[in-house]
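Accompanying notes for the structure given below.
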Amino acid sequence: MNKTGTENGAVRIRELRSDEAALLEAFVYEAIFIPLGMEKPSGDIIRLPELRLYYENFGSGKADYCLAAEVNQTVIGTAWSRIMNDYGHVDEKTPSLAIALYEDYRGRGIGTRLMRKLLELLKEKGYKQASLSVQKENYAVNMYRKLGFHVIRETDEEFIMICEL
């Protein structure tokens, strides 16, 4: 493996092209946290209204930004923002973030690079903060903390986190 943690090529971070927006459906599925010992849900789960809002009409909102991680001209992960009434919703001025990588590419720092670049982009666009929701059991909680997110609310299962930009 090379320094990027991939076998065959470097990871390139770029904006998701408008003709690739349909990829978000697959990445919404990849973003679903599956606790140890649980089975993956059916792919149809992304058709639930609370999950459709992550990808339907993406690109039409003022805070709709998506970055893609690409290896050998194949998108292997995305991080995106949107102002939506999702699990991590804080207010109408704060974009909620989502991130997903295909399983084979997790744990290699690619997600951190994606999130860092997305946070930089949102700051450039004038946003003051970004939010997300994460299952307490999800190992990504540590990555979010290292990127500057802190918990503002919690439920039995989730943290709602904010990063000041």
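Shown in residue order for the range 78-83 are the 3J(HN,Hα) couplings computed by the Karplus curve 6.51 cos²θ - 1.76 cosθ + 1.60 at θ = phi - 60°: 9, 9, 9, 10, 6, 8 Hz (x for Gly and Pro).
Over the range 115-164, consider all pairs of different Cα atoms and compute the Kirkwood hydrodynamic radius from their mean reciprocal separation; express it in Å, one decimal. Before the final figure, lay out the partial values.
Numbers: mean 1/r = 0.0894 Å⁻¹.
Over the range 115-164, the inverse of the mean reciprocal pair distance is 11.2 Å.
Across the range 63-77, rounded Karplus estimates of 3J(HN,Hα) from the backbone phi angles (6.51 cos²θ - 1.76 cosθ + 1.60, θ = phi - 60°) give 10, 7, 10, 9, 10, 10, 9, 10, 10, 6, 6, 10, 6, 10, x Hz, Gly and Pro being marked x.
Taking amide H as placed 1.01 Å from N in the peptide plane, Q129 has its amide H under 5 Å from the amide H of L165, each at least 5 places away in sequence or on another chain. Close Lys pairs in the range 1-125 (alpha-carbon distance under 20 Å; sequence gap of 8 or more, or different chains): 9.
P(r) tail for the chain: Cα pairs beyond 26 Å make up 22% of the total. Convex hull volume per residue, computed on the Cα atoms of the range 70-110, equals 91 Å³. For the range 154-165, backbone phi angles converted through the Karplus equation (6.51, -1.76, 1.60; θ = phi - 60°) give residue-by-residue couplings of 8, 10, 4, 10, 10, 10, 9, 10, 10, 10, 6, 9 Hz, Gly and Pro being listed as x. Per-residue ellipticity at 222 nm from helix content only, as computed over the chain with -39500 (n - 2.57) for each DSSP H run of at least four residues, stands at -6000 deg cm²/dmol.
Read the figures in this text as sums done on the coordinates, not as results from a lab. Please read all numbers here as calculations on a predicted model, not as lab measurements.
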